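All remarks here apply to the structure that follows.
The values are calculated or read from the model by the stated rules, or taken from the named source; none is laboratory data. Everything quoted here is computed from the prediction, not taken from an experiment. So basically every Cβ, Gly included, is an ideal-geometry build from the backbone, and we count neighbours across all protein chains shown.
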Amino acid sequence: MIDHESRLMASLAAELAALDSDGLLRTRRTLQTPQDARVAVDGREYVAFCSNDYLGFGSHPELVRAACEGAHAFGVGAGASHLVLGHAQPHHELETALARFTGLPAALLFSSGYMANLGLLTVLAGRGDAIFADKLNHASLNDAALLSRADFKRYPHLDLAAAERMVRASRAARKIIVSDAVFSMDGDVAPVQGLLELAERYDAWLVLDDAHGSGVLGRNGRGVLEQSGVQSGRIAYMATLGKAAGVYGAFVAGDRTLVETLLQRARTYIYTTATPPLLAHALSKSLELMEREAWRRSYLQTLVAVLKAGLRECVWRLLPSDTPIQPLVIGGNGEAVAVSRALAARGLLVPAIRPPTVPRGTARLRISLSANHHIEDVERLTEALMSLARG
């Protein structure tokens, strides 16, 4: 028995050693301050370009106060699933506010974006159906497609012509086109109008994951739908609430029939404890701030411009993106990690992203900008990168 257990542990140890040898072993840092542009990590202070807190809401005083108010009024735990007795007044109010914010008829809260995508796609698709997905979609969408047992086809990144060929050739009973709205490791934006035209032409659903666009894109921060100016009952719209919104959770919005179907059938909604009501209370305040503090979105564009100007002559390739996600492709895993460590030694935290998160040979620094960064922070980063690139 002991020998058998030793063999099991040895096989895991060998897998870990292989990850380390390939430059793919990941480690965690311990954050000792609130999430912000300036943080303390493992006892040292840094300027951080690691967070998806694009609007700088993670430690916003009004959100902290709202969370405290919610805790005093509703406690710190939901205590049950939504369909038992965990659906509190703040959840109801937030769902109503999210529907209004997105301009869609109804919205349903989920505990995370991963759970929202798993619940949504496994309800919309099953055996005999087909899912058509962008090659660079988030892992949660890919896992959801596999779990659905539908025919799962992936088209080249942003390639509408290839997507149309696949959809047109399909004889599936139900067709679902699935795409990130903003691609999390590239920062580019899906051709939403073209995807919707495909969905309309071939009578398909269009599922959009706007995790990195909600709060950032559009004049009022209402995401890719506002920016693209599209509306359709065949759109199932998912967005997260732990990135630009600054708190936690996710939601799916769309036609009332779609949302009611998810409430009745989405296993990741039915069979899990509801998120604490205090978070929903804070998120209602977050939606108010997104509209009231529009300067944060315009300031982000200023920071993007400063970064691009500072890296214009860099030997490493900055991918084309007008979002707060600014990926700098280094190439090799070891080199990307080395550059990230050299920046950390200068007090700048930028994560090295490696396979399987990105394609082999495209390891990169994922520079994430926040409305809480100063222009001087970005200039300091670009100067450090240019210095490292010159060797």
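Inspect all residues belonging to segment 210-219 and state whether any of them is touching a strand residue (DSSP E or B) at 6+ places or on another chain (Cβ under 7 Å), in a strand (DSSP E or B) and within 20 Å of residue 140 (Cα to Cα).
Checked segment 210-219: no residue is touching a strand residue (DSSP E or B) at 6+ places or on another chain (Cβ under 7 Å), in a strand (DSSP E or B) and within 20 Å of residue 140 (Cα to Cα).
Among the numbered conditions (1) farther than 14 Å from residue 175 by Cα; (2) part of a loop (DSSP other than H, G, I, E, B), tell me where residue 128 comes up short.
(1)
Select the helices (runs of 4 or more DSSP H) contained entirely in segment 280-391, then report the ones holding at least 1 residues which are in contact with a helix residue (DSSP H, G or I) (Cβ under 9 Å, 6 or more places away or on another chain) and touching a residue at least 60 places away in the same chain (Cβ under 8 Å). Reasoning before the result, please.
Working: elements: 295-310, 333-345, 375-390.
By residue number, 295-310, 375-390.
From the list 194, 218, which residue is over 28 Å from residue 280 (Cβ atoms) and either charged (D, E, K, R) or not assigned by TED's automatic domain parsing to the domain that holds residue 364 (or both)?
Details: 218 fails: over 28 Å from residue 280 (Cβ atoms).
Selected residue: 194, the only one of 194, 218 that is over 28 Å from residue 280 (Cβ atoms) and either charged (D, E, K, R) or not assigned by TED's automatic domain parsing to the domain that holds residue 364 (or both).
How many residues does segment 319-344 hold that are farther than 21 Å from residue 29 by Cα and more than 20 Å from the chain's Cα centre (by Cα)?
Count: 3.
Scan segment 155-171 for residues that are part of a helix (DSSP H, G or I) and either in contact (Cβ under 8 Å) with a residue 12 or more places away in the chain or outside the structural domain of residue 205 (by TED's automatic domain parsing) (or both) and jot them down.
Taking segment 155-171 and keeping what is part of a helix (DSSP H, G or I), we get 160-169.
Listed by number, the residues that qualify are 160, 163, 164, 166, 167, 168.
Identify, from the list 108, 85, 98, 12, the residue that is modelled with pLDDT of 95 or more, exposed (fewer than 12 other Cβ atoms within 10 Å of the Cβ) and either assigned to a helix (DSSP H, G or I) or touching a helix residue (DSSP H, G or I) at 6+ places or on another chain (Cβ under 9 Å) (or both).
Answer to the check: 85.
Checking residue 103 against (1) surrounded by fewer than 21 Cβ atoms within 10 Å (Cβ to Cβ); (2) at negative phi: exactly one of these is not met. Which one?
(2)
Might you let me know whether segment 221-228 holds any residue that is among the aliphatic types (A, V, I, L, M), at pLDDT 95 or above and not in a helix (DSSP H, G or I)?
no
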